[in-house]
Amino acid sequence: MINVQLQQFRAAIADALSVNKAKVKEAGITQQPVYTHAREFNVELSTPQSALFLGLVMQLDELVSYFDSLWWATVIKGMERSNETYKWQQMMFKLAGRIQGIEQRARRSASKQGKDALVDAEAPPSTSQDESQHANDDVALAMAEGQAETSSEAVAA
């Protein structure tokens, strides 16, 4: 179930990347934006699904850079850039929430069946609910800061 949702998002973002890469090429844009105050995150991957999710986050970052390139070159308006960026971020947040919900339901079901130890041995819980929410907040903050920095750089330019 999780793999299906990851693959569906992967296909959707691949299509968006292809379309926007073509727009960048068609507009003759040869240089990607350079971001000040870029943030790096170290993550520990414990499953193939977490590696796939990380890859999707990296593809989202690439997609947003295409939106920024198109905006800087005045191919798209600021509102379109903002709307597209927001739309894709929300899609990513919803995907993460669905995955988290699936895991929580599976763990509750296993607990009701007395299989906690088996589940924890096969798939140890990676974080507590509070830590998981904190991690989601950090990602949201990083995305929001990225938008704010890009907007403030545009005003300064």
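All of the numbers you see were taken from the coordinates with simple rules; none came from a lab. Keep in mind it's a predicted model, so treat the numbers as computed, not measured. Quick reminder, even Gly has a Cβ in these numbers, built from the backbone with ideal geometry, and neighbours come from all protein chains shown.
So if R0 is 30 Å, what FRET efficiency would Val34 and Glu80 give, r being the distance between their Cβ atoms, rounded to the nearest 0.05?
0.85
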### Message
Starting from the Kirkwood Rh over alpha-carbon pairs, what translational D in µm² s⁻¹ does the stretch 40-116 have by Stokes-Einstein at 10 °C and 1.306 mPa s?
### Response
107
